[in-house]
Amino acid sequence: MDAAEKLIQNHELSKKEYIELLKGWEKPKVSRKLTEEAVRLRKQYYGDKVYTRGLIEFTNYCKNDCYYCGIRRGNRHAQRYRLSGEEILDCCENGYALGFRTFVLQGGEDPYYTDERMADIVRSIRRDYPDCAITLSIGEKSYESYKLFKEAGADRYLLRHETASEELYRRLHPEEMLLSHRKQCLYDLKALGYQVGAGFMVGSPGQKMEHLAEDLIFLKELQPQMVGIGPFIPHHETRFANEAAGSVGLTLFLLSVIRILLPKVLLPATTALGTMDPLGREKGLAAGANVVMPNLSPVKNRKQYDLYDNKICTGEEAAECRDCLEQRVLSTGYRLVAERGDALL
Ligand code: SAM
Ligand code: FES
């Protein structure tokens, strides 16, 4: 049995087998087989539904200095902004009217939003929108902080592990950032009952197939409810400005692999995928993804949440973004639904 067959049968592989599988990603026969199985599984569990999450990028201040990221603290040219609690609630109001039932509050690690401030924001969204899911994506915090946010009403948390390889993690982050801590945060979030999202960039500088194999093994072990992956895209104000971007084809291949690995997982077709290829999100959905995340942030701040160069969707109003994605989803034969879209596992 080859590695692709084995993955389909067992829903996991050894590191050696993952490497063999990944090295063959450009073989049309292999990718076709995996895509077909990924689509079969996503239809078995989710039918033709695509869930939608309203993304609110509420601060681009960040105390970290991840070498790949355009909003890292070392980028003196970034124009920084923060949204007030009231502005965040306005985004939710607008989003609710457009049919969103999940709000994702994402930002850099910004100390201005103390735990109490953050919990207050979560409480007010919970109070005004009791039927909506609240997702946070605000980086590494203590168990106690995560507990406070959970008690305030947060349901889900997105924290990409970025890479499960110590070696690659060191290449991408300054010394004060530890992979072990990031992983601990993910386990803490799970222990607290959050629906948890991990994930990684595809094609980050120095990434090899063996690193991706480690990512897949880590995902299987963690069993997250959500997995966010997208191609690495260089940002001109980072040390990786001249590095090559990650491959769309390999990202699509990995989406199918992850769908087979974790059949019920919630898997977004990401903005980074749409940035690298005008039809990237449609291709992501056709490879096994079942979530899209239109932007609800105020248009005045969109360009400032500048993680990588040429990011799409920075000029559109929330309604335009939603309609655009609805058309894109329909073109793939799926349909966008206005539901919370909780994890099945
Ligand atoms: N601060 C939070 C955190 O660390 O989880 C959330 C914000 S962070 C900017 C969101 C994600 O953007 C990261 O997890 C990373 O994978 C992605 N990202 C940052 N820079 C990128 C780049 N140059 N290309 C592609 N994705 C990038
Ligand atoms: Fe934002 Fe298409 S999703 S404009």
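A compact table of results
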| quantity | calculated |
| --- | --- |
| Any hit, region 222-236, residues being assigned to a helix (DSSP H, G or I) and either modelled with pLDDT of 95 or more or more than 12 Å from ligand 1 (Cβ to nearest atom) (or both) | yes |
| Hits in region 269-284 - residues which are hydrophobic (A, V, I, L, M, F, W, C) and either touching a strand residue (DSSP E or B) at 6+ places or on another chain (Cβ under 7 Å) or more than 12 Å from ligand 2 (Cβ to nearest atom) (or both) | 269, 272, 273, 276 |
| Region 268-290 residues that are closer than 17 Å to residue 32 by Cβ and modelled with pLDDT under 95, paired with ones that are among the polar types (S, T, N, Q) and not in a loop (DSSP other than H, G, I, E, B) (beta carbon under 9 Å, 6 or more apart) | none |
| Verdict on residue 136 being crowded, with 19+ Cβ neighbours inside 10 Å, at pLDDT 95 or above and part of a helix (DSSP H, G or I) | no |
| Answer from 197, 246 - the residue that is part of a loop (DSSP other than H, G, I, E, B) and within 18 Å of the chain's Cα centre (by Cα) | 246 |
| Qualifying positions in region 170-188 - out of contact with any Pro (no Cβ under 9 Å at 6 or more places or on another chain) and surrounded by 15 or more Cβ atoms within 10 Å (Cβ to Cβ) | 170, 173, 177, 179, 182, 183, 185, 188 |
| Of residues in region 324-345 being acidic (Asp, Glu) and in a loop (DSSP other than H, G, I, E, B), the one farthest from the chain's Cα centre (by Cα) | 339 |
| All helices (runs of 4 or more DSSP H) inside region 15-115 with 2 or more residues being more than 30 Å from residue 300 (Cβ to Cβ) and not small (Gly, Ala, Ser) | 15-23, 28-46 |
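The values are calculated or read from the model by the stated rules, or taken from the named source; none is laboratory data. This one's a predicted model, so the numbers in the text were calculated from it and none came from an experiment. Don't worry about glycine lacking a Cβ; one is built from the backbone with ideal geometry, like all the others, and counts go over all protein chains shown.
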